[in-house]
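The values are calculated or read from the model by the stated rules, or taken from the named source; none is laboratory data. Keep in mind that this is a model prediction, so the values were computed, not measured. Cβ sites come from the backbone with ideal geometry, for glycine too, and all protein chains shown count toward neighbours. For accessibility, only protein heavy atoms count, side chains too; no ligands or nucleic acids. Shrake-Rupley method; radii C 1.70, N 1.55, O 1.52, S 1.80 Å.
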Amino acid sequence: MAENKAIKDGKARQERARCFNRELSWLEFNARVLSEALRKDNPLLERLNFLGIVSSNFGEFFQVRVASLKREAMVNPRQRDSSGLTAKEALGRISRRSHDIVASQYKCLMDDILPALAEEGLVYVRPKSFSTAQKNYAEGFFRHEVFPLLTPLRTDLDEFPHIASMQLHAAFLLDKMPGVHRKETGLLPQSDTDLLALVPIPSSLSRIVYLPGEDGVRHFSLLDDIVTLFGRELFPGYNVKESMVFKLARDADFAVDEEAGDQFIQAMKEVLVKRQSSFPVCLWAGSGSKKLLSLMKEKLSLEDGDVYCVDGILDPGSLMELSEGDVAFRLSYPDWPHFYPDSLPEEGSYWNTFRQRDILLNVPYESYDPVVRFVQDAAVDSHVLAIKMTLYRTGSNSPIVQALKRASVNGKSVTVFVELKARFDEQRNISWAEELEDAGATVIYGMVNLKVHAKICLVIRKESDGIRRYLHLSTGNYNPKTARLYQDFSIFTSNPDLALDATLFFNVVSGYSIVQSMHSLSMAPVNIKSRLIEMIEREISYSSPDNPGLIIAKMNSLCHDDIIEELYKASAAGVRVMLNIRGICTLIPGVKGMSENIEVSSVVGRYLEHSRIFYFKNGGNEELYLSSADWMVRNLDKRIELMFPVLDRDAFAEVKETLMLYFEDNTHRHTLMKDGSWKPLRPAAGEAAVSVQEELQQKYRRRDETRKSQPKVEFEVRRKN
């Protein structure tokens, strides 16, 4: 009775809540990613890739968000979030929904994707189905290539062996062979009970192992399959009774000591070490061994709800190693080129173009090369005096980092604001930050208690008419690799007001400068939130039944209670609010008297939608902004972010046109319902199919064709003989 009453009370609180739970909203985003894997009209390898993204997303989610909730459940067990849930209640719902998603994910993998791959000539062979030739090949491969790399770990000592977070391991259940252990030594276990041994799967080897097969058909197995099949050779004198492949997620939600001063890098390195030995959060395991699973749960102090046991391949994303040659061509998306912007010269410098007008870049439809070239040109241009830049995630072997090093070597003043606290990129950022320092650049490691998430590059150049500043502002990271997959807007400009604000911004984040009023840029945590609230309230004041206000916004996540309450006020005042949120959205739409004028949709497709665009009708005097910040507490209150206006008339029209197109998509868009579910949109009978990403790709293709078809005009110059 008491349990039923608690459930009823919980449902009542949810009905009264003014927000969805953040973590449950994120899970629905991952379900939308999974829906792309379930679509039969997507190419086979792309469906497999979406399955891998689901697993990768889960990895970070459990290491960070679920770990944080587990700590919250211990420290503040009665504390309720804005959705009305305690941490324990949220964890229960997260576990149930996650298990549903994982079950659908592996049903798709094992019952759909792998059989379809087999029809295409890529056959996954489990060890129990090896032919004699395949088993002999696998055994030779194990002995010569794998065995030397393996390190079996015993578990009967005082301390349980360390299990690295997110690394594949094999577990073996052993018992002694009769008559072998007559003479016991201190090196051998004394127990007569079953023994548990662990073996890390070496990440230095490819996980895909190709096997002998028939002509025209490629058979493959997995490295972990082969380790478990021949693992008995690691334990002479013991029988292997059972085996299991598993992966453990540990708490990765660590904060660095912000007061470490000159020892900040060392403090960050200590965080990385702690992450590998922190408390276990959840376990993914292959099926087949209840005894091993029970032992692992006991040793790691995990509950049943923390364990995800699957009859299939852990980490399906690693199967993307199969996408090579003809297979990739046949089973992947058709090639979408990244077109060079028609507004920029392909040869020569950009400086003259930037002096004349702002240049808008929409990646990945347009090439990211101009951003890289902007920094590279500045590095070697003799007139460039200084480069100031923020870097959050740049990827490996970054050409931008190389250009900054070259600029410093060339005697230019180079100041780089590196955010070492970019989670899971810390080690990489530490490495190239030290390289920049070695090259002579000034490196500033973020700010105390605030992550620097703004995306900005300022180049100061001496010209014939004086000093001129050139500016690049972006919604996305300076990472050429992700720029091929993430949709982001950026602007090149030499607008004096924006350039002055950029100078003030860098002065604030680099030294002791008091925050000064900026004319065009808004900066979090100083005034982006207050500016957004001001513009929402302005929209309310201009709105009338005959001429209702309009707010349109696109972003990654919306979960800031203050902003949500302002949007509810706008809805109640008759303002129409159109939101396109890729990931988390805790706002509840369509509730009479609260949010009936708010619609929320989400587009998940070939490219990851990453840009942040904010439009305000403003009584007919429209305003449009781009930003590095989502409408989240961490972005608006705890990070250094920038929001910048789109001032150029042509750029304004293009961004607005693109923004509206996201609300016309009827092939990859989902609509958020007031019960928290997401309804997929599909074309009605007789309705033309619209995919925003395909529409944009065709738009830039036509623009590129027009540019290439225009004849080059050459002028003949008369000269006196």
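Yes or no, residue by residue, for (1) in a loop (DSSP other than H, G, I, E, B); (2) in contact with a His (Cβ under 9 Å, 6 or more places away or on another chain):
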residue: A454; (1), (2): yes, no
residue: Y470; (1), (2): no, no
residue: L473; (1), (2): no, no
residue: G476; (1), (2): yes, yes
residue: P480; (1), (2): yes, no
residue: D501; (1), (2): no, yes
residue: M518; (1), (2): yes, no
residue: V526; (1), (2): yes, no
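Which ones in region 83-113 are farther than 30 Å from N42 by Cβ and buried (at least 16 other Cβ atoms within 10 Å of the Cβ)? Reasoning before the result, please.
At the first step, the residues of region 83-113 found to be farther than 30 Å from N42 by Cβ are 83-92.
Selection gives S83, G84, L85, T86, A87, E89, A90, L91.
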Strands (runs of 3 or more DSSP E) wholly inside region 208-295 containing at least 3 residues that are among the polar types (S, T, N, Q), modelled with pLDDT of 95 or more and open to solvent by 30 Å² or more (accessible area, probe 1.4 Å) = none
Just one of (1) in contact with a helix residue (DSSP H, G or I) (Cβ under 7 Å, 6 or more places away or on another chain); (2) open to solvent by less than 30 Å² (accessible area, probe 1.4 Å) trips up V327, so point out which.
-> (1)
What are the pairs, 6+ residues apart or on separate chains, where a residue within region 58-77 that is closer than 11 Å to V281 by Cβ has its Cβ under 8 Å from a residue that is among the acidic types (D, E) and in a helix (DSSP H, G or I)?
-> F61/E23; R65/E23; V66/E23; L69/E23
Residues in region 575-593 that are surrounded by 17 or more Cβ atoms within 10 Å (Cβ to Cβ), of a type outside the set (S, T, Y) and part of a loop (DSSP other than H, G, I, E, B) total 7
Does A73 satisfy being at pLDDT below 95, crowded, with 20+ Cβ neighbours inside 10 Å and assigned to a helix (DSSP H, G or I)?
-> no
Which members of region 528-556 meet the condition of being part of a loop (DSSP other than H, G, I, E, B) and either touching a Gly at 6+ places or on another chain (Cβ under 9 Å) or crowded, with 16+ Cβ neighbours inside 10 Å (or both)?
-> S543, S544, P545, N547, P548, G549, N556
For residues that are in contact with a strand residue (DSSP E or B) (Cβ under 8 Å, 6 or more places away or on another chain) and open to solvent by 70 Å² or more (accessible area, probe 1.4 Å), scanning just region 460-483, find the one that is nearest to D501 (Cα to Cα).
-> R469
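I'd like to know if region 341-350 contains one or more residues that are surrounded by fewer than 17 Cβ atoms within 10 Å (Cβ to Cβ) and within 30 Å of S221 (Cβ to Cβ). Give the steps one after another, and end with the answer.
First pass over region 341-350, keeping only residues surrounded by fewer than 17 Cβ atoms within 10 Å (Cβ to Cβ): 342, 345-349.
Checking which are within 30 Å of S221 (Cβ to Cβ) leaves us with none.
No, there is no match, as no residue in region 341-350 is surrounded by fewer than 17 Cβ atoms within 10 Å (Cβ to Cβ) and within 30 Å of S221 (Cβ to Cβ).
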Somewhere in region 119-134, is a residue surrounded by 14 or more Cβ atoms within 10 Å (Cβ to Cβ), assigned to a loop (DSSP other than H, G, I, E, B) and either among the aliphatic types (A, V, I, L, M) or without any contact (Cβ under 8 Å) to a residue 40 or more places away in the chain (or both)?
-> yes
Name the residues in region 351-399 that are of a type in the set (G, A, S) and either more than 16 Å from S490 (Cβ to Cβ) or surrounded by 23 or more Cβ atoms within 10 Å (Cβ to Cβ) (or both), would you?
-> A378, A379, S382, A386, G395, S396, S398
